[in-house]
Every structure is written in C-alpha cells, then in structure tokens.
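The values are calculated or read from the model by the stated rules, or taken from the named source; none is laboratory data. For clarity, every value in this text was computed on a predicted model and none was experimentally measured. Positions of Cβ are backbone-derived with ideal geometry, glycine not excepted, and every protein chain shown enters the neighbour counts.
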RNA sequence: GCGGGCGUGAUGGAAUGGUAGACAUAUCAGACUUAAAAUCUGAAGGGGUUCGCCCCGUGUGGGUUCGAGUCCCACCGCCCGCACCA
C-alpha cells in the first residue's frame, strides 16, 4: 500500500456517498428525526477557515446522529441578498445577480471537497425568486394579521450605505456594516411588530435550556423589561393631561418638575405660538444628528410655562419642561423629575434652579440631598417622610410595589411593564433585496400586491453609476396598476432588510420546493432544528428575529404549534484566528504579510517580521489561510481534524502551520497502522489482546461522551491516546483489526474519507457512514484491579493496587498497612480514614 | 454605571469536589542514516535532595471540606454584552 494520499481517497469516497444518495433526507416513521443546521453563509465568493470549522462541527453531529440511528436532515443554502453585491457592482461593474450566482457556484465547488454530509437537493439561495416570492407571501399574511405596519418614524440613517438601519444594526452609534456615524432621519417605514411579543420572547428564554446562558442573557438584556407605572398628571390650565412613566413612584413626594420629549405632542402644540420653544425643539433635532453625539450631549431644557398638579399633593404644582434627554419612543415620552433621588434629574434641577425635595432619607441620616442624588438599592430600607401610602420599614422595592398598588386603587395610574425592545424597521433603500410587495395608489393608498402576482421580481436592467436605490430611478419598474382600483399606481421601491431572509430559511429547508412558504406536514415532521450552530455575533439580531418569525409564522398558519421556538439547541462556535506578520514601509506604516510568505519569523529576503498576537482572520491583516490550499496539500480530513483539535469548540482556535502538520501526521500514522495490520500474519498469536480491547472500549465510551457534549477537542485527545496504544500493541490480528476498525468508526464523523478507506481495507461491510456507532461494553470498562492513590492529610503519598470489588474495610486495612501510611503514623493511630471506592484513600493523621 | 464570563507549564488546552498539567505544539536527548529530512523511542511545572524521596505550585487573600483548579466571600487583572431606558 502506498503512503497516505488524501486527494485520491477523498474524491473516491465523496463519489461513493453521492452515488448511494446517502445524505438525501426523506420523512420516515421508523427512525427519530434529527435536524442539524449551521448558519448559512453569505456568498462572498470564497470559503474561509471559519466556514470550515462551522460546517465541520455540524457535520460531526450529523454523521454521529446518522450512525446512532437518526433520520438526519442537514441542508445548506445561501444568504444571498445584501450590500456587498451592490458594492461590487458599483466598484467593478457587472450585476449583483451575476456576481452573487457566480460566487455561489464558486463557493459550492469549494465546499464540496470538504465531504460534508449535506442534502444538496434542498439547496436554495434567498435571492432566488422562488424563495423571496414566498417571503413576499409571508409578508402579506403578516400584514393582514397586523404583524407589520407602516409609520413615520425617526430612523437610523447610514449616510455611507444610504439606507436605514434597525436599532440592532447600530453599534456604538455607527452602522454595523459601513462603520459610518449614524444619523437620525424621519421617514415612513415598514415595521414588524416585534415589541408586541417582547414579554413572550423574554419569558420563553427560560425554556431554552440548550442555548448558551450567555446568549439568553444577551437577549434578555436586549429586550430589557422594567416594571413601573404610568401616572396621570392634570394640567392646571385644564387642557388635558400628561402621562408619565416611572419605575420609581416611591419618590413621588420629591417630584419637582415634568420633562417631556421634544417630539412630544404637547411640545409640538406649543411650537406655533412660542418661537423660543420652536427654536429649542428645532435645535434638538438638528444638533443631535448622530447617536454618538446624543450620548455625550449636555442635558438641556426649556420651560414651557405650563404646569401640572401633583397627583397626590393638591397644593403642589410642577412646571413642565422640554428636555433634550427625554426619548419619545420609550415609555410615554414624558417623565417626572425627582432631583433628590435621580442624578440626572438633580443635575438638571441645579442647572435650572428647580426645587430639590427628599422623599426619604437613609435611616439615621436626615441629610438633604446636595450634589449627589440619594438612590437606594432595591433591597435597602429607607426612612420615608410622611409617605402618602403610609409605608414604614420596607425595602425600596416593597415601597415601589406598595406605591403602585396605592395609585392603582385610586385610579391615579396604571402599573405597567415597559420593554426596551423597539419594533423592527425592515425597509431598506437598496436594490439587492426582497421587494416589499405593496403598491402606492393615489386613490386607494397603500395596497398589498395580489398573491397571484407574486413574486414581485427585481428588474435586471438597473444602473449603479450613482449612489442610492436604483429601483427608485428605474424608468418603468415602479409603474403598475393598483391591485384594488386598477388605475396607475407606483410600486414600493424599498426592499426588505436581509435579516428577514434569514429569519425563516430554516423552515423553508423542510420543504424547499413547496408552492407555499412552508409545507405544514414537512415542517411538522422536521421542525424544530435540533441543533443549530453558528457564531456568537448573531446572538441578538438573527436569533431574536428568527424567534419572532417562528411565532409570527405560527400565528399566520405557516408553522405548526409545536414550532414556536425554532432552535431547540444552539451552539455558538469560536473563530479561527492566526498570528499577524507585519513589517514597516519607509514611512513607518505597517505592511502585512501572508503566512505563506513568512518562515522562521523572516521573509524570503531575510527581513524579520513583527509578530502580532492571533486575531480573527481578515484579508486586510493578511493573516488568512486559504482552506483550498490546505485541502490541496493535506486533504479535507486534515483540515477537519485540525479545526476540531486543541481548542474547545466554543472558543477561538488559532491556526498554526505546525498544528496542521501534526494533524496530517496523525492521519498518516493511522493509515500506516491500518496498512501494518492488513499485512499481519492472521494466525500468529499475539499478546495483550484484552488490554487493547479494554482500551478500545474505554475510548468508545470517552469519544461518545465527547461528541455528545461538544467536547470535540477532548474526544480527539482520546483518539490520539488510543492510536498510540494501538501503534504499540502486540495483540493478535483479530484484536488489532477490531481496534483499527473501531478507531476508524470513532474518527468517521471528523475524518470521514480516511475512515471509509480504512473500513474498506479491513473488509468492513458497506459504507462506514451507514455502519452503526460502536457501543462500549460496560464489562470491558471495569477492570479486575484498580490502583488507588493514598493521600495523607489530602496529599498524595503513595498508591495501592487492589481487586476492583474489594470491600471498603479491607481496602482501609491494606492502606493502613502500606508503607507511606506506616511511616506517617509512626506507631500512632489515624484520626480518620476516608475510602472512596474505586477512587482514592485519604488518611488523616 | 448595570449585567455576565474568564485567569492552570514556553504555547493551545485536560481534569463528575478525589493522583493537577491528559492530548497537541514548541524544546531537548536517543535510535535509524555517510548526513539531513521523514519515522520511531524517551525526557520535561518550579526548587531541593543523602537519589529513598521532600517542599512549593491552577491570578491574590481568606473560608467550607478528610480532600478545592473546581464550592463560598473579598480583592486584582483581562474579555464580552447593555447603557440619557425615566
């Protein structure tokens, strides 16, 4: 047999799997189903190591589940709409559509050599009219169900991408993709009513036991529940009321002003008659264009001259101010200011000389608030000053609850939960996205497109020579008859946020060619996704939107009731990182070098490079390793083995040339062992058969546990260990053959090609991919004797080997008789002896 | 500021409260070779040693326990998420 030659092996077995149709999923009644899904890729045109790691993990699970008797669905598709296609069209010419489909073809060709157990017959791209047409159909159903609406709102405007962003897409005041400072603009936009489900999306997090706690917590914080009360303040001029939301009604006695948002209706009403108010409101709008500026902006206000009555103390009147810090879209857009117990209110009060009144003091310290607000922790007890609800000796939280009850009982306010989560704005002023299927008619208003007219297909003849939305400039595409009255009308030119596309693709995979968005029977069988795998960067956006969509699809009859939460288990994998190699040019600017240009810390011309610690692979830093190169040199199995080794899957793994080399060496070693065993004398007696088989069963046990618990690195360590044992074994042919075939099976989820080859060489029946997973024999896991460490006062001082089933008292007697214990006792009597059967003996002297 | 996580050899990392450092990398030594590479075998936390062993050791300090990397408390450092949210 020649040396290990992955390129021959891999192509051959991939063909064999294809021919057997091994990964094509169909419904069956005789096996439990298992749906494993990795977050589908954006077709950038090239796969990177992150993809390799992500899909390899999913593939390990899929192949393992297949071997353990599951009916596995493991699909793949393309998250194909989005800005890069348009940017490419603008930068290098061409069309987003050609660019995208060419990339998909390239990437599919790059992925196939990895030998993933994917059902390619279910493949689709979100930019296929077949897919986005169904998405438009969903949109219309959501619209009818009141889950989508249109409103005029302040939106986050990305001035570089020239489009609107969702709140979730604004990071540190900058666009998530362009990095540009986000501006506020007022536009009419479509919104998903995700905020209606805030409470449900939050409370259901508790049920997601197989999600990382971190992701649940991030979503929890993002949804952000607060309990409080909406209190009615009556205007002293008799012109109605102002509603204020507060989480601290217990400080009501200290209320000394009301602050309303610049866009509050009361403020807007004053603009016409009061130029100084209009000027202030206008300044608020113009000055605070960027999110970043808003965060730093000084707290400013203007007195409206209006006053309201204190809801409890009739004799107190509170001035109404407009404050630049009050947000119209949180709570009621109006707050009461209690300077004594809120730092921001105190700063505001000192600046504008408003009264500061304590509602309570710390026990034993009746000092009035001066420059620092008195804010007790929820569990702290404070001394209230003649509190109207008559509370004494209660914690801050109890005071809040009692006050809410008191207000509600008198009809002065209503207890409420308030969420931070806002509705999801989905309109984007882009070409390369799913058209929003509505028509604007001068007589009928906004009219949904008729379902029989779906899909509303993107026009191909568009011009990218100027920035902005080419659909807007298209000569004819917009002109359509109104679906209602038939008169001339205009198509909506906004397209959907690309996060809409990825919010339901998992459901579409269950019936990718259905003529409705989903097929309830297929979805009922395959959903939910049993194991979802992807990056932590989607902890909020994609996963929250998908959870909303699953609920919305259920309401509109597109998913069965069982599929409320789409992803039963979630695993967030770490990135693949690499060192960065840098030199400086004549002007001292950094110049980066690809890993293959560097050896021994030097370039080919001998220049030393500066090594910058490992970071996410990125083209700009040139710290990238191309999977195709690795596969060409070492084969897919080596790449797969490496990305699973060394680091726990949830953590980052650093790609090193030596590590990749080591993976290849190991696979070669396994190959050589298989070869050696094949050449063995079949009848020659061996020695140590039982030891080898015991080690084998222990490995079956450990690797199974490792794969089940996403401990791939630990499983691989055990496989290294067993390989070394097998390599040194002098056991007979039968035992060695059994050992190497089991080794191949245990490695098969990670290195499927090599495993198939070993299996075939050793005369295994059929394909290893379909062979049932080995089961550890419990009897072989228990040995006859066991070596127990002996501790004296908790420190290891020796060991004894005893029969595994030896009685506890006998073990104790033997331990006491052992040399180290005798030495430590020096003729005395131990204070205590602890014997943990099969584990350890501890003697306290 | 609020919420959460993590600190283990030169490096990546193992370790249901039970022999800390598995496995891998890098390093060193040996075998094979004219030599190198490849391959194989072995060493290796720090310090001491009369070569029997002994002492110290999982960020720091305390605690619980027969026994703590693991549990509890405080502190230090790093990382992540959120933040004008009333």
- Would you tally the residues in segment A:647-684 being surrounded by 22 or more Cβ atoms within 10 Å (Cβ to Cβ) and in a loop (DSSP other than H, G, I, E, B)? 1
- Item | Residue tally, condition over 27 Å from residue A:689 (Cα atoms), within 14 Å of RNA strand B (Cβ to nearest atom) and free of Cβ contacts under 8 Å to residues at least 24 places away in the same chain, over segment A:768-818 | 3
- Message: Just checking, does segment A:805-814 include any residue being out of contact with any strand residue (DSSP E or B) (no Cβ under 6 Å at 6 or more places or on another chain), modelled with pLDDT under 85 and in a helix (DSSP H, G or I)?
- Response: no
- Task: Would you mind finding the one in A:47, A:104, A:9, A:92 that is in contact (Cβ under 8 Å) with a residue 12 or more places away in the chain and out of contact with any helix residue (DSSP H, G or I) (no Cβ under 7 Å at 6 or more places or on another chain)?
- Result: A:104
- Message: If the requirement is being surrounded by 21 or more Cβ atoms within 10 Å (Cβ to Cβ) and in contact with a strand residue (DSSP E or B) (Cβ under 9 Å, 6 or more places away or on another chain), which of these qualifies: A:644, A:603?
- Response: A:644
- Message: For segment A:233-256, give me the residue count where each residue is surrounded by fewer than 19 Cβ atoms within 10 Å (Cβ to Cβ) and either near RNA strand B (Cβ under 10 Å from one of its atoms) or under 41 Å from the mean Cα position of the chain (by Cα) (or both).
- Response: 2
- Taking segment A:590-634 as the search range and keeping residues that are within 14 Å of residue A:656 (Cβ to Cβ), in a loop (DSSP other than H, G, I, E, B) and over 33 Å from the mean Cα position of the chain (by Cα), which one is modelled with the highest pLDDT? A:598
- Item | Residues (more than 16 Å from RNA strand B (Cβ to nearest atom) and under 12 Å from the mean Cα position of the chain (by Cα)) located in segment A:527-546 | A:532, A:533, A:546
- Note on the structure: When every residue in segment A:385-401 that is closer than 16 Å to residue A:254 by Cα and at pLDDT 85 or above is compared, the one surrounded by the most Cβ atoms within 10 Å (Cβ to Cβ) is A:399
- Look at residue A:64 and say whether it is assigned to a helix (DSSP H, G or I) and more than 21 Å from residue A:631 (Cα to Cα). yes
- Filter result for residue A:533 (assigned to a strand (DSSP E or B) and buried (at least 23 other Cβ atoms within 10 Å of the Cβ)): yes
- Given the structure, is residue A:150 farther than 17 Å from residue A:430 by Cβ and in contact with a strand residue (DSSP E or B) (Cβ under 6 Å, 6 or more places away or on another chain)? yes
- Query: Can you tell me which residue in segment A:813-838 is surrounded by the most Cβ atoms within 10 Å (Cβ to Cβ), limited to those that are closer than 13 Å to residue A:797 by Cβ and within 55 Å of the chain's Cα centre (by Cα)?
  - Reply: A:815
- Tell me, yes or no, whether segment A:555-565 has at least one residue that is in a loop (DSSP other than H, G, I, E, B), at negative phi and surrounded by fewer than 11 Cβ atoms within 10 Å (Cβ to Cβ). no
- Message: Out of the residues in segment A:257-266 meeting the condition of being at pLDDT 90 or above and more than 10 Å from RNA strand B (Cβ to nearest atom), tell me which one is surrounded by the fewest Cβ atoms within 10 Å (Cβ to Cβ).
- Response: A:265
- Return the total of residues in segment A:315-358 being touching a strand residue (DSSP E or B) at 6+ places or on another chain (Cβ under 7 Å) and surrounded by fewer than 21 Cβ atoms within 10 Å (Cβ to Cβ). 6
- Selected residue (only one of A:646, A:702, A:675 is within 18 Å of residue A:774 (Cα to Cα) and either at pLDDT 90 or above or within 13 Å of RNA strand B (Cβ to nearest atom) (or both)): A:702
- Scanning segment A:402-444 residue by residue, those under 25 Å from the mean Cα position of the chain (by Cα), part of a strand (DSSP E or B) and either away from RNA strand B (no atom under 16 Å from the Cβ) or surrounded by fewer than 16 Cβ atoms within 10 Å (Cβ to Cβ) (or both) turn out to be A:427, A:428
- Message: Please determine whether any residue of segment A:296-314 is more than 17 Å from residue A:183 (Cα to Cα), more than 16 Å from RNA strand B (Cβ to nearest atom), modelled with pLDDT under 90 and loosely packed, with under 15 Cβ neighbours inside 10 Å.
- Response: yes
- Note on the structure: Reported set for segment A:652-665 where residues are near RNA strand B (Cβ under 7 Å from one of its atoms) and either at pLDDT 90 or above or over 27 Å from the mean Cα position of the chain (by Cα) (or both) is A:658, A:659, A:661, A:662, A:665
- Taking only segment A:142-159 into account, find how many residues are more than 18 Å from residue A:495 (Cβ to Cβ) and not in a strand (DSSP E or B). 5
- Item | Any hit, segment A:348-360, residues being more than 16 Å from RNA strand B (Cβ to nearest atom), modelled with pLDDT under 80 and in a loop (DSSP other than H, G, I, E, B) | no
